[in-house]
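J.: One structure follows; several queries about it will come next.
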Amino acid sequence: MYDSNLDFVFENPTKVIFGNGAASKVAREVRERNGNHVLLVTDKFLKDSEMVHKLTAGLGSKLAGIFADIEPDTGTHTVNKGVQYAWEIGVDCIVTVGGGSSMDTSKGIAIVLTLGVK
């Protein structure tokens, strides 16, 4: 059973914000990190969800694009597609919505972008 009193924040160094109202806190987190061109990474099932709509509205002009071409148990081919898209739109921040595959894909994208591998 879900208990709305179990909201939490985990940071090590990636920050995970979970719970009711978490979507409304993302824009502030992006501002605090001087993010100006956000890539939102999610899966095709959540792309049209209320949560993603709230995030896109909250990010406003800071949202550079959405990468939702993620399948369960994603692989390096998906990370490579995400990296290519991120380079094309010039992102400086990644926000992820979803479970393990979305999170793993966004971590892979972030690693490649950070290392500057082409």
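The values are calculated or read from the model by the stated rules, or taken from the named source; none is laboratory data. Predicted, not measured: the structure shown is a model, and the values here were computed from it. Glycine also receives a Cβ, built like all others from the backbone with ideal geometry; neighbour counts cover every protein chain displayed.
J.: Hey, can you tell me all the residues within the stretch 92-102 that are in a helix (DSSP H, G or I) and closer than 15 Å to Asp69 by Cβ?
T.: Ser101, Ser102, listed by residue number.
J.: Another question, if that's okay. Can you report the number of residues in the stretch 27-54 which are in a loop (DSSP other than H, G, I, E, B), of a type in the set (A, V, I, L, M, F, W, C) and closer than 13 Å to Val95 by Cβ? Steps first, answer last, please.
T.: We begin by selecting, within the stretch 27-54, every residue in a loop (DSSP other than H, G, I, E, B); these are 33-37, 42-49.
Subset that is of a type in the set (A, V, I, L, M, F, W, C): 45-46.
Okay, now just the ones that are also closer than 13 Å to Val95 by Cβ, so 46.
Residues meeting the conditions: 1.
J.: Let me ask something else about it. Just to verify a result, which residue in the stretch 1-54, among those that are hydroxyl-bearing (Ser, Thr, Tyr) and loosely packed, with under 11 Cβ neighbours inside 10 Å, is modelled with the highest pLDDT? So that I can check it myself, show each step before the final result.
T.: The first filter runs over the stretch 1-54 and keeps only residues hydroxyl-bearing (Ser, Thr, Tyr), leaving 2, 4, 14, 24, 42, 49.
Next, only the ones that are loosely packed, with under 11 Cβ neighbours inside 10 Å stay: 2, 4.
Details: Tyr2: 48, Ser4: 58.
So, considering only residues that are hydroxyl-bearing (Ser, Thr, Tyr) and loosely packed, with under 11 Cβ neighbours inside 10 Å, the one modelled with the highest pLDDT is Ser4.
J.: Assigned to a helix (DSSP H, G or I), buried (at least 18 other Cβ atoms within 10 Å of the Cβ) and among the small types (Gly, Ala, Ser), is that true of Ala57?
T.: Values: assigned to a helix (DSSP H, G or I): yes; buried (at least 18 other Cβ atoms within 10 Å of the Cβ): no; among the small types (Gly, Ala, Ser): yes.
It is false that Ala57 is assigned to a helix (DSSP H, G or I), buried (at least 18 other Cβ atoms within 10 Å of the Cβ) and among the small types (Gly, Ala, Ser).
J.: So in the stretch 103-118, with the set limited to residues that are assigned to a helix (DSSP H, G or I) and small (Gly, Ala, Ser), which one is farthest from Val26 (Cα to Cα)?
T.: Applying the first criterion (assigned to a helix (DSSP H, G or I)) to the stretch 103-118 yields 103-115.
After this cut, where a residue has to be small (Gly, Ala, Ser) as well, the list is 106, 108, 110.
On the way: Ser106: 16, Gly108: 21, Ala110: 18 Å.
Result: Gly108.
J.: Out of (1) within 22 Å of Ala22 (Cβ to Cβ); (2) touching a residue at least 24 places away in the same chain (Cβ under 8 Å), what's the single condition that is false for Thr76?
T.: (1)
J.: Among Gly60, Gly108, Gly100, Gly65, which is the only one that is out of contact with any His (no Cβ under 8 Å at 6 or more places or on another chain) and under 10 Å from Leu39 (Cβ atoms)? So that I can check it myself, show each step before the final result.
T.: Details: Gly60 fails: under 10 Å from Leu39 (Cβ atoms); Gly108 fails: under 10 Å from Leu39 (Cβ atoms); Gly100 fails: under 10 Å from Leu39 (Cβ atoms).
Answer to the selection: Gly65.
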